[in-house]
Each structure stands twice: as structure tokens, then as C-alpha cells.
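Report on one structure; see the data block that follows.
The values are calculated or read from the model by the stated rules, or taken from the named source; none is laboratory data. Small disclaimer: the values here were computed from a predicted structure and weren't measured. Cβ coordinates were reconstructed from backbone atoms using ideal geometry, including for glycine residues, and neighbour counts include every protein chain displayed.
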Amino acid sequence: MSFYFKYIPKVDYNFKVYKGENPSFATGQEHANEHGVSGSIDRYTGVQDITRRFALKQVVAERQALFYSYLVEENETAQEIAARYYDDAKLDWIIYMTNNIHDPYYEWPMDSYTFELYIRKKYGSLAQAQSTMHSWWHILTPQQTLDTGAVISERRIQVDQHTYNSLAANVRDSYTNYDWEVSENNNKRTIEMLDADFVPDILRRVKKLYR
């Protein structure tokens, strides 16, 4: 995402540092507390002004930009997708912003190895995750495909275990913690891609916005 961030202007941000009774700081503006003892020191440094973060969809909306769905494969990165579809791996930030991904490490689909490490760290072991329940569900209406080919999504609500046990087998579902994490990770695999024809205009607008 370096291409994108290099255009974002910097602002001076005040990192207040606590000072005890024996301060070791020689610079900065000190602030005394109610006892007359310096309590903090102002330290300013230049940081990216993230409040100016580029609102991609708002800008392209006026041009009625085209988006299409894409299924992220195992081990596939945003950089690889950007290189293949936009001819530039550094344009991965367009993919992240199109999908409102702020933290690629946690919000991008994990590969099998990373996913297993994540499960072990969070639940202690795969066996523990697979043997403990996450949630119980009542299926109100199943997924339907109309004669036109249109798909009506399944409707379900979360219920407690007692209610779940009272439901017929064909209208209930449950998730172990492992099942739930797999489902959540798989859901991240379907992303939106901005049509490549709109990329040059996006790049011009980014440069203009942050001048």
C-alpha cells in the first residue's frame, strides 16, 4: 500500500509522555499536575493524516464504476491479484479499500497454515476448538433458487441450546468454535474487484486529493 500512503499528507501529532518526579526529558513543553509536579511532556512528530483516507467508493460512484466478485484462492495475496488484474502489485491498496479492509493481516483470508496457528493460539488446540460449541441456529427458511435462476438466501436466527434441542433436525444448525472460524475465514474469500478500466482515473484522483 506504499503507493497510496505516500500521497497522504503528514500532520504533527502530540505524543504526550508521562513524567514522574525525576524526569529525564530535556526538551518539550512540560505540564504540571495539581501538586506542582510535572506530569507529562509534549512530543510532536509527523504522522500520516489518516482522517484524509481516500473514500474509494464515494469517488467512483459518480462514474458508476463497475465492481465484480472475486474468490480469493488458498495462499493468494492482494499483491498477486493486483499484479494480475491491474498489472501492478503496488495497487493492492485498491483491493483493500474497495473491500473496507483496514488490517490486511487479520481481515484478509488466512491460508491453512496461518489459520491453524490462529486456532491453536486462540483455543489452545484444534481438538479444543472442534469440541466446544460456538452457537446454535434456527433455520427459518432454506436457500431457494427460483425458476429465473435468482437465489434467495437462507434466513436463520441464533437461539439458545434449549431451543435448538426442541427443533426438528432439518430446521436447525450448530457450529463448534472450529466450524465458526472456518466459516468466517471462508466468508472473507469473496471480495469485490474494481474494474481495471477505472484504475487510471482513481490514481489521478488520489494524487490530486492529497496534493
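See the values below:
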{"item": "Hits in the stretch 151-181 - residues which are among the aliphatic types (A, V, I, L, M) and touching a strand residue (DSSP E or B) at 6+ places or on another chain (Cβ under 9 Å)", "result": "VAL151, ILE152, ILE157, VAL159, LEU167, VAL171"}
{"item": "When residues of the stretch 52-69 are limited to those that are in a loop (DSSP other than H, G, I, E, B) and surrounded by 14 or more Cβ atoms within 10 Å (Cβ to Cβ), the one modelled with the lowest pLDDT", "result": "PHE54"}
{"item": "When residues of the stretch 117-141 are limited to those that are surrounded by 12 or more Cβ atoms within 10 Å (Cβ to Cβ) and among the small types (Gly, Ala, Ser), the one nearest to ASN185 (Cα to Cα)", "result": "ALA129"}
{"item": "Filter result (exposed (fewer than 13 other Cβ atoms within 10 Å of the Cβ) and either outside the structural domain of SER131 (by TED's automatic domain parsing) or farther than 25 Å from ALA127 by Cβ (or both)) within the stretch 161-179", "result": "HIS162, SER166, ALA168, ALA169, ASN170"}
{"item": "The stretch 147-160, subset more than 31 Å from the chain's Cα centre (by Cα) and not β-branched (Val, Ile, Thr), residue farthest from HIS134 (Cα to Cα)", "result": "ASP147"}
{"item": "Qualifying residue in the stretch 105-116 (condition: more than 20 Å from GLU74 (Cα to Cα) and surrounded by 11 or more Cβ atoms within 10 Å (Cβ to Cβ))", "result": "no"}
{"item": "Those residues of the stretch 70-89 which are hydrophobic (A, V, I, L, M, F, W, C) and buried (at least 16 other Cβ atoms within 10 Å of the Cβ), in sequence order", "result": "VAL72, ALA78, ILE81, ALA82"}
{"item": "Close pairs from the stretch 64-85: first farther than 11 Å from THR98 by Cβ, partner at pLDDT 95 or above and among the polar types (S, T, N, Q), Cβ under 8 Å, at least 6 apart", "result": "SER69/THR190; LEU71/THR190; VAL72/THR190"}
{"item": "Given (1) assigned by TED's automatic domain parsing to the domain that holds LEU71; (2) farther than 30 Å from ILE94 by Cβ; (3) of a type in the set (Val, Ile, Thr), number of the condition VAL199 does not satisfy", "result": "(2)"}
